[in-house]
1. Considering the convex hull of the alpha carbon atoms of the chain, report its projected area averaged over all viewing directions, in nm², one decimal.
2. At 7 Å along Cα-to-Cβ for each site, give me the label-to-label distance between S89 and E116 in nm.
3. How many Å² of accessible area per residue for the stretch 57-101, probe 1.4 Å?
4. Which value, in Å² rounded to 10, gives the accessible area of I17 with a 1.4 Å probe and all protein chains present?
5. How large is the helix-only mean residue ellipticity at 222 nm for the chain, computed as the sum of -39500 (n - 2.57) over DSSP H runs with n ≥ 4, divided by its residue count, in deg cm²/dmol to the nearest 500?
6. Quick one: pull the percent of accessible area on the chain belonging to carbon and sulfur, 1.4 Å probe, ligands and nucleic acids left out.
7. Starting from the Cα-Cα distance between S70 and K82, subtract it from 0.36 nm times their residue separation and give me the gain in nm to one decimal.
8. If I build a Gaussian network model for the chain, linking alpha-carbon pairs within less than 10 angstrom, which residue out of S53, S70, S89 has the largest mean-square fluctuation?
Amino acid sequence: MASCRGDGLVLKPDQPIMTSDVCFKQRFTGCHVSHTFSNVAQLANPTVHYLFSSEETTITDAHFGLDASSDKYALYNFYTGKAALLGASNVIDAGYEGHVYVIAAPVNGKLAFVGEPDKYTTA
């Protein structure tokens, strides 16, 4: 199951998913980008972000509430398994039914903690 660990623990983010603040700031009623996050206390930069989009494939750092010029994050595409460093604007390959699901994991040194890549909530 993509929503549970092997021992049955349900994996869920720390906050409910909500429309990205960018959608409200741009006053774009057709924006279908949602965002949530988990805090992993063991990491130096503890916030792992999750973003779902039913239509948009160009995702900006602001959709995550991040600034690519100062925040070092890696983006992991849940559907394709591809990873890349977060930029100001990022084109994400769509997966199932044209949807985008991407995890933004903090980069510490030269590594990014993605967690369990086959789970919806990886960290």
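The values are calculated or read from the model by the stated rules, or taken from the named source; none is laboratory data. These numbers were taken from a predicted model, which means no experiment stands behind them. We place every Cβ from the backbone using ideal geometry, glycine too, and count neighbours over all the protein chains shown. Just the protein is used for accessible areas: all its heavy atoms, side chains included, with ligands, DNA and RNA removed. Shrake-Rupley method; radii C 1.70, N 1.55, O 1.52, S 1.80 Å.
1. Projected area, direction-averaged: 7.7 nm².
2. Between S89 and E116, the label points sit 3.7 nm apart.
3. 51
4. The accessible area comes out at roughly 100 Å².
5. -1000 deg cm²/dmol
6. 55
7. Length difference between fully extended and current span is 2.1 nm.
8. Greatest mean-square fluctuation among the candidates belongs to S70.
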